[in-house]
Amino acid sequence: MAVDPLRKAHADGQRLREAIDTEYRAARRDASWGRAEPQIVERWRAAVRAWTLAVEAALGPAAAAGFRGAPPATETPAGESAAWVELRNALAGKVAAVATLLAERGSGGPGAGGASPPSPFRKR
C-alpha cells in the first residue's frame, strides 16, 4: 500500500521536532549548549528547511502557499535559548499546519482526496 506523502511528511516533522528537543536537552544537561549552539542551531535549521521543501512538494503548488504562511507557535519557556525557542516554534507551527490539512482531508474538507481504494488483500 502506498503511503500518503502528506501523512509521511507529518510523521517526519514530529520526529524532527522530537530530535531537536532531545539534542537540546542533552546539550543543556552536558553544559555544552553555549559552546555548540551556533552549529547545532544551523544544522537543525537546515533540517527544517529540507523538511519544509518535502512538505511543499507533497502538497502541490496550491496548498503550499498556505503552508508557507503558517504562523509559528507562541510558546516561550522561561530561561531557554532564544534560538532554540524560535526554531522549535517555527517547526511546531508548520507541523500544526500539516495536521490541520490532514484533518481537513480526512473530514472531506477542501483538501479531501476521496476514499482510498479497497485493499486487494482483503477478503471480499
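Within the set A90, A50, A46, the sole residue that is over 21 Å from D4 (Cα atoms), modelled with pLDDT of 85 or more and within 11 Å of the chain's Cα centre (by Cα) turns out to be A90. Tell me, yes or no, whether the range 17-38 has at least one residue that is in a helix (DSSP H, G or I) and under 11 Å from the mean Cα position of the chain (by Cα). Yes, because at least one residue in the range 17-38 is in a helix (DSSP H, G or I) and under 11 Å from the mean Cα position of the chain (by Cα). For the range 53-78, the candidate set comprises residues that are among the β-branched types (V, I, T) and modelled with pLDDT of 80 or more; within that set, the residue that is most open to solvent (accessible area, probe 1.4 Å) is T74.
Going by the conditions given, is E42 under 19 Å from T22 (Cα atoms) and in a loop (DSSP other than H, G, I, E, B)? So E42 does not fit the description; no.
Residues of the range 28-43 that are of a type in the set (G, A, S) and more than 18 Å from L87 (Cα to Cα): A31, S32.
The set of residues in the range 25-37 that are more than 18 Å from L91 (Cα to Cα) and open to solvent by less than 90 Å² (accessible area, probe 1.4 Å) comprises A26, A27, A31, S32, W33, G34, A36.
The values are calculated or read from the model by the stated rules, or taken from the named source; none is laboratory data. From a predicted model like this one, the values you see are computed outputs, not experimental measurements. To get the accessible areas, we keep the full protein, side chains included, count just its heavy atoms, and leave off ligands, DNA and RNA. Shrake-Rupley method; radii C 1.70, N 1.55, O 1.52, S 1.80 Å.
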